[in-house]
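Q: Dropping a structure here in structure tokens format, bear with me for questions.
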Amino acid sequence: MADSVAVEDPKFTLQEVLDTFKSCLSENKEVFLEHYVAGWLGLVRFMNSLGSVFSFIAKDAVNKIQILINHLNGENGAHYVTVQSMVKYELDNQLVDLTKRGSFPESGCRTLLRLHRALRWLELFLERLRTSTEESKTSVMCSEAYNQSLSQHHAWIIRKAAGTAFWALPGRATFFDVMNVGTPEQVVAMLGDALPLISEVYQVTENLYAQNNILDLP
Ligand SMILES: CCCCCCCC/C=C\CCCCCCCC(=O)N[C@@H](COP(=O)(O)O)[C@H](O)/C=C/CCCCCCCCCCCCC
């Protein structure tokens, strides 16, 4: 895994990003952390291509991605190959702040949980895009997905900043163009192909965190 995060790459296509998420899951439903991180890196690159209004969001996401890369590349990296092994290692070795912020603010469990919650937003947003019409507004689809997911975990000021940024989103046609996938029909087909796997990655992680009672890490 690259040591640091490069997020400027105008050549990528969203297909590559979604394919990366699709490769997250092993046959026995383990989530490979390296692919999970790579998927988020691709999404941040995509978001950066939409303009600097999202930079405060990208900065936070990149910080969290970098924390996970540091774990992957660190001396205990062998324990971070999958989300499942990461959770077991950190909980078995008391490396997670369970009830209040303390000695482990950059635990993999806490950091991944923030991106996991954002993955739920992505799932909801992509489904809205997939079923949208020419009259649909990306800002409305984005904020509806946000209000149904991430917003409940954010302070008021963050919710206001995010809501303002959503209005800067390009229209559906431009959004589809920037995705660099092809015609709207091809975009819809790609989303229909990718969404079930993104949903499965989300659900596997959600079940893992619920079984370990770590869905509310501070
Ligand atoms: C086909 C189109 C694909 C869409 C591509 C979308 C690309 C989105 C890329 C990244 C998504 C954003 C990831 C946001 C991670 C936020 C993690 C988080 O919740 N952080 C907060 C809590 O962390 P701690 O403070 O506890 O460490 C943090 O406080 C938040 C800071 C920044 C604001 C987060 C707002 C999130 C908005 C999500 C919608 C993104 C809209 C992108 C529009 C394309």
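The values are calculated or read from the model by the stated rules, or taken from the named source; none is laboratory data. Predicted, not measured: the structure shown is a model, and the values here were computed from it. Using ideal geometry, Cβ is built from the backbone for each residue, glycine included, and neighbour counts are taken over all protein chains shown.
Q: Somewhere in region 129-136, is a residue of a type outside the set (Ser, Thr, Tyr) and either touching a residue at least 60 places away in the same chain (Cβ under 8 Å) or under 23 Å from Tyr36 (Cα atoms) (or both)?
A: For region 129-136, residues of a type outside the set (Ser, Thr, Tyr) and either touching a residue at least 60 places away in the same chain (Cβ under 8 Å) or under 23 Å from Tyr36 (Cα atoms) (or both): present.
Q: So, in region 1-37, of the ones that are aliphatic (A, V, I, L, M), under 12 Å from the mean Cα position of the chain (by Cα) and modelled with pLDDT under 95, which residue ends up surrounded by the fewest Cβ atoms within 10 Å (Cβ to Cβ)?
A: Among those residues, the one meeting the criterion is Val17.
Q: Return yes or no: is Thr82 in contact with an Asp or Glu (Cβ under 7 Å, 6 or more places away or on another chain), closer than 27 Å to Pro196 by Cβ and polar (S, T, N, Q)?
A: yes
Q: Restricting to region 113-171, give me the number of residues that are surrounded by 15 or more Cβ atoms within 10 Å (Cβ to Cβ), more than 7 Å from the ligand (Cβ to nearest atom), part of a helix (DSSP H, G or I) and not acidic (Asp, Glu).
A: 16
Q: Tally the residues that are buried (at least 17 other Cβ atoms within 10 Å of the Cβ) and either in contact with a Ser or Thr (Cβ under 6 Å, 6 or more places away or on another chain) or closer than 16 Å to Tyr146 by Cβ (or both), restricting the search to region 48-64.
A: Residues meeting the conditions: 6.
Q: Right, something else. Give region 172-205 a look and list any residue that's of a type in the set (Gly, Ala, Ser) and either within 9 Å of the ligand (Cβ to nearest atom) or assigned to a helix (DSSP H, G or I) (or both), or say none.
A: Correct list: Ala173, Ala189, Gly192, Ala194, Ser199.
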